[in-house]
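Take a look at the structure below.
Bear in mind these aren't lab numbers, they're just calculated from the coordinates by the rules spelled out. From a predicted model like this one, the values you see are computed outputs, not experimental measurements. Cβ placement follows ideal geometry from the backbone for every residue including glycine, while neighbour counts extend to all protein chains displayed.
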Amino acid sequence: MKKTYPNNYLIFVALLFIVMLISACKKDNHTPGPSAPTSLATLGLYELDSSIYKRVFIMVTKVGTQTVNYPLVFDTGSAGMTIDATGILPASMISNAGIQVAGDSVTVNGITITPQQAVIAFGNNQSGTQEYGNLAYTTVTVGNQNGNITTTRIPIFLYYKVVDLATGQKQAAHSNDIFGVGPGVSYANNAIGSPLSYFAPKNGAISGYKLAMLNKAAFSISGTYVSDLLTIGLVPNDLSSSSGFIMHPLTYFSQGGYSPDIPSTISYNGQSFSATVLFDTGTPAINLLENSAAPNNISTLPDNTPITLTTNGGFTYQYTTSSTDNVTQVAKPSFTGDPRTIFSINFFTDNEFLMDYKNHQIGLKNN
């Protein structure tokens, strides 16, 4: 995930807290049938738009035994849940130097915190953040009054501070909470994976999830609850050719496990180049094409530039740039320090996305 937070990020996150408290929508839980395989749950997500940056959030309502109301960025581009310890652990346990852990571990509010420390970096050489924290184990409830589901005890990253790499300044508590649902494992600790990957399949369900096409019209500065966006658990029909999803087997690496990056070809302005593409709900605004033959370190393509993406699995996506939507930059990997081409949250307003943890594959579907 490529993370760059604007200064007004906390303002519309605060507005989301308010909307979350007063919203009232239909129930999202679906009762499984007695015979046919069914998913585990279908939940709604919150769509926010600051007029520049779009975000999609999942609500975490309980961590261990501690009842909370925190919106976490729903992120297809990273693996693992990271959450600020503030408001979850006693303030006396948290300092700028770290979380106080005596011995092999300490359990507070149903959360077991280990002394294993790490730093997670989000972003690239030009911008980004770093989280400092500890490996912890706990149960997590996601959803809201419209429906929720609780994990078994899972590993998470509990951080005590987050620093803006550009300024070196410490950011506000809970300003970088992430719900990473990508494949593989976290670079902070290989014990940490997607929270959704730990749900035990039941009634024929397959470990994974489907993300419906985001509602482009629902994005708002105050946050809009959109029901039935996230289906946890797949059924065999989801993986069949009749589903419309084109499947892409993932590659395993010794560091990070299975990678979400998909080999592809990008075409624009009469040229084509090979790319490894990350489809990332955690990138809030701008598609970034990493092209080693680019004439500049980084530049923005003019409005009305047609772009074509073709994956090695045969999935094709076409769009046209504009100053208000599908803003696209071209950069040299030597400048950004990241060779991946990244398609931002705008991709998800036009396409459906499927993650199959069991068979290590990603499905893409045009709409």
Practice prompt. Using every Cα-Cα pair within region 116-186, state what percent have a distance larger than 20 Å.
Written response: 40
Worksheet item: Quick one: Cα convex hull volume of region 75-169, Å³ per residue?
Response: 128
Practice prompt. Please list the non-local residues whose amide H lies under 5 Å from the amide H of L40, H modeled 1.01 Å from N, same-chain partners needing a gap of 5 or more.
Written response: I232, G233
Worksheet item: If all Cα-Cα distances of region 154-194 are sorted into 10 Å bins from 0 onward, what percent lands in each bin, rounded to whole numbers?
Response: 26, 44, 28, 1
Worksheet, complete the sentence: Mean projected area, convex hull of alpha-carbon positions in region 79-237, reported to one decimal in nm², is 11.7
Item to complete: Step through the residues of region 204-219 one at a time and calculate ³J(HN,Hα) from phi using the Karplus curve (6.51 cos²θ - 1.76 cosθ + 1.60, θ = phi - 60°), rounding each to whole Hz and writing x for Gly and Pro.
Response: x, 5, 10, 4, x, 7, 10, 10, 5, 4, 5, 7, 4, 6, 8, 4
Worksheet item: Where both partners of a DSSP beta bridge lie in the chain, what percent of those bridges are antiparallel, to the nearest 5?
Response: 85
Discussion item. Give me, ordered by chain and number, the residues 5 or more places off G128 or on other chains with an amide H under 5 Å from its own placed amide H.
Written reply: L165, A166
Response to the item:
For region 189-197, in residue order, the Karplus 3J(HN,Hα) values (coefficients 6.51, -1.76, 1.60; θ = phi - 60°; whole Hz; Gly and Pro = x) are 6, 6, 7, 9, x, 4, x, 6, 6
Practice prompt. Would you mind working out the magnitude of the charge dipole of region 257-366 relative to its Cα centre, with +1 at each Lys and Arg C-beta and -1 at each Asp and Glu C-beta, to the nearest 20 Debye?
Written response: 180
Worksheet, complete the sentence: Of all DSSP beta bridges with both partners in region 257-366, the antiparallel percent, nearest 5, is 80
Worksheet entry | All Cα pairs of region 257-366, percent lying beyond 20 Å | 36
Discussion item. Taking each pair of distinct Cα atoms in region 168-293 once, what is the resulting Kirkwood hydrodynamic radius in Å?
Written reply: 17.9
Worksheet item: If you average 1/r over all unlike Cα pairs in the chain and invert the result, what Kirkwood radius do you get in angstrom?
Response: 20.9
Discussion item. How big is the dipole moment of the chain about its Cα centre under a simple scheme where the beta carbon of each Lys and Arg is +1, that of each Asp and Glu is -1, and everything else is neutral? Debye, nearest 20, please.
Written reply: 400
Worksheet entry | Cβ-derived FRET efficiency at R0 22 Å, S274 paired with Y252, nearest 0.05 | 0.60
Worksheet item: How do the peptides 40-52, 209-221 rank, highest first, by the average count of neighbouring beta carbon atoms within 10 Å per residue?
Response: 40-52, 209-221
Worksheet item: What percent does the relative contact order of region 257-366 come to when contacts are Cα pairs within less than 8 Å and at least six residues apart?
Response: 31
Discussion item. Please list 3J(HN,Hα) in residue order for region 294-311, calculated via the Karplus relation 6.51 cos²θ - 1.76 cosθ + 1.60 where θ = phi - 60°; whole Hz, with x for glycine and proline.
Written reply: 4, x, 10, 4, 7, 8, 9, 5, x, 4, 6, 8, x, 10, 10, 10, 10, 7
Item to complete: Return the long-range amide H neighbours of Y258 (sequence gap of 5 or more, or a different chain), with a cut-off of under 5 Å between placed amide H atoms.
Response: G184, V185, F253
Worksheet item: So what is the relative contact order for the chain, in percent, with contacts set as C-alpha pairs under 8 Å and at least six apart?
Response: 20
